[in-house]
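K.L.:
Quick one: the structure is below, and I'll ask about it shortly.
The values are calculated or read from the model by the stated rules, or taken from the named source; none is laboratory data. The structure displayed is predicted, hence computed values, not measured ones. Cβ placement follows ideal geometry from the backbone for every residue including glycine, while neighbour counts extend to all protein chains displayed.
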């Protein structure tokens, strides 16, 4: 017998700053594609699909890659864009960063005379600790953990 359950709205908690940073970089084109990566990072904010008056972007990064393929990306600077607004108000931007991300950057400064990617609005820059790490990818050809070797071609004799 089927019992009907009352439907409930699913309310998801917003991601933390670090979780959003990691999600953004996990989806971004790799450092081997610098132009595609730069466009991606200018287009997609940490907030994801946001309707807020402000949006947060990775502005400058330091990329370290080991010979084995492990990757570490450290944020050097982030941008806070006054989305679609005519001017940048540092106090409002600071309030947004604290409310949305729990950040209180002491070095928030407007980038004067500049508009974010495709005239999306004036912006400021700030620094905060954010690091993304990815371990070396496994081989696509084989792994010592493979349970059995590939099966022989069924059309072959032998």
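K.L.:
State whether the residues of region 76-94 include one that is in contact with a helix residue (DSSP H, G or I) (Cβ under 7 Å, 6 or more places away or on another chain), modelled with pLDDT of 95 or more, surrounded by fewer than 19 Cβ atoms within 10 Å (Cβ to Cβ) and outside any helix (DSSP H, G or I).
P.N.:
no
K.L.:
OK, next. Kindly establish whether residue 108 is buried (at least 17 other Cβ atoms within 10 Å of the Cβ) and over 14 Å from the mean Cα position of the chain (by Cα).
P.N.:
Working: buried (at least 17 other Cβ atoms within 10 Å of the Cβ): yes; over 14 Å from the mean Cα position of the chain (by Cα): yes.
Yes, satisfied.
K.L.:
Which condition number in (1) exposed (fewer than 13 other Cβ atoms within 10 Å of the Cβ); (2) at pLDDT 95 or above; (3) more than 17 Å from residue 131 (Cβ to Cβ) is the one that residue 51 fails?
P.N.:
It is condition (2) that residue 51 fails.
K.L.:
Just to be sure before I move on: is residue 59 in contact with a helix residue (DSSP H, G or I) (Cβ under 9 Å, 6 or more places away or on another chain) and either modelled with pLDDT under 95 or outside any strand (DSSP E or B) (or both) in the structure I sent? Break it down into steps so the answer makes sense when it comes.
P.N.:
Numbers: in contact with a helix residue (DSSP H, G or I) (Cβ under 9 Å, 6 or more places away or on another chain): yes; either modelled with pLDDT under 95 or outside any strand (DSSP E or B) (or both): no.
So residue 59 does not fit the description; no.
K.L.:
Of everything in region 16-38 that's assigned to a helix (DSSP H, G or I) and free of Cβ contacts under 8 Å to residues at least 12 places away in the same chain, which residue is surrounded by the most Cβ atoms within 10 Å (Cβ to Cβ)? Let's see the steps before the verdict.
P.N.:
If we filter region 16-38 for residues that are assigned to a helix (DSSP H, G or I), which is where we start, we get 17-27, 34-38.
Subset that is free of Cβ contacts under 8 Å to residues at least 12 places away in the same chain: 19, 34-38.
Working: 19: 12, 34: 11, 35: 8, 36: 12, 37: 18, 38: 13.
Among them, the one singled out is 37.
K.L.:
Name, by its number, the condition in (1) modelled with pLDDT of 90 or more; (2) more than 22 Å from the chain's Cα centre (by Cα) that does not hold for residue 151.
P.N.:
(1)
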